[in-house]
Amino acid sequence: MNSSTPSALKTVTVLATAAGLMALGVGAASAHVSVDPASTSAGGFSQLTFRVPNESATAKTTGLTVTLPTGTPFTSVSVKPMDGWTATITEADLSAPVTVEGATITKAASAVTWTADAAHQIGQHEYQTFSISVGRLPAAGITVSLPAAQNYSDGTVVNWNEPRAQGQSEPQHPVPSFVTTAAGDGHAQAAPVADTAAASATTPAETAPAPAAPDNTFGILGLGAGVLGLAAGATALIRTRAHRKD
């Protein structure tokens, strides 16, 4: 039997194990509630898409509330309609007047809440996406944090509100967030939409939304599965050659 065969088999096994761990790691990370901005350009408008997986083994996700920033408030907020879900925009008075693009505002949207009917709740091994169009984004380099509260049918509420600290491991319930970039940095910019006051209190229509960035989670998992398949094939080939040499 060829002496190189054990070494080759060991290499294939290590490769397969690494690919499997990579796939498991991606799956665990994707379980968080996260936000994907279509644009991060300062002073522009953007579609923000929240990805919400159901993490309970026994209950369904019945609602989601996203808290909007008041220190750098959005002057325009509208919600993308969803079958089976009712959306409500809540407004609040600002603690101090804020000037945005030359306009001084004293009130702004402070939260968006989605509530599902019985037939559209998010079940086990399922996820849903929720989109809003907002603007204008604050100056470049600002972290826009969007705390989210996920409601379950058993009364449990999971608050995704823990900030990430540089140099530290990710918290258990990280807050959905993104960092704004310089205007005209190449990111796609969504067209302006009707302002908050004109938005419907249930499921308002959105004007010319920018396409949401694709979710690459399943593509990465597919890549991991492909590597595992390749490793298995290589193992079979090595064993076949070893038998022939014997």
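Miscellaneous remarks
- Filter result (more than 25 Å from P81 (Cβ to Cβ) and touching a strand residue (DSSP E or B) at 6+ places or on another chain (Cβ under 8 Å)) within the stretch 119-142: P138, A140, G141, I142
- Of all residues in the stretch 122-144, those being within 22 Å of S78 (Cβ to Cβ) and not aliphatic (A, V, I, L, M) number 8.
- Test for A165: is it surrounded by fewer than 17 Cβ atoms within 10 Å (Cβ to Cβ), assigned to a loop (DSSP other than H, G, I, E, B), in the same structural domain as P73 (by TED's automatic domain parsing) and in contact (Cβ under 8 Å) with a residue 60 or more places away in the chain: no
- Residue among A92, A87 that is part of a strand (DSSP E or B), more than 28 Å from E55 (Cα to Cα), among the hydrophobic types (A, V, I, L, M, F, W, C) and in contact with a Lys or Arg (Cβ under 9 Å, 6 or more places away or on another chain): A92
- So T58, is it β-branched (V, I, T) and over 20 Å from the mean Cα position of the chain (by Cα): yes
- There is no residue in the stretch 34-53 that is farther than 23 Å from F178 by Cβ and either modelled with pLDDT of 95 or more or not assigned by TED's automatic domain parsing to the domain that holds P163 (or both).
- From the options A57, A109, residue that is assigned by TED's automatic domain parsing to the domain that holds G135, surrounded by 17 or more Cβ atoms within 10 Å (Cβ to Cβ) and touching a residue at least 60 places away in the same chain (Cβ under 8 Å): A109
- Residue, nearest to A111 (Cα to Cα), within the stretch 54-72, restricted to residues that are at pLDDT 95 or above and among the polar types (S, T, N, Q): T67
- Residues in the stretch 91-120 that are closer than 13 Å to F74 by Cβ and of a type in the set (S, T, Y): S110 only.
- Scanning the stretch 122-156 for residues that are more than 16 Å from V112 (Cα to Cα) and either surrounded by 15 or more Cβ atoms within 10 Å (Cβ to Cβ) or aliphatic (A, V, I, L, M) (or both) returns I122, Y127, R136, L137, P138, A139, A140, I142, Y152, S153.
The values are calculated or read from the model by the stated rules, or taken from the named source; none is laboratory data. Remember, predicted model here, so these are calculated numbers, not experimental data. Here the Cβ is made from the backbone with ideal geometry for all residues, glycine too, and neighbour counts use every protein chain on show.
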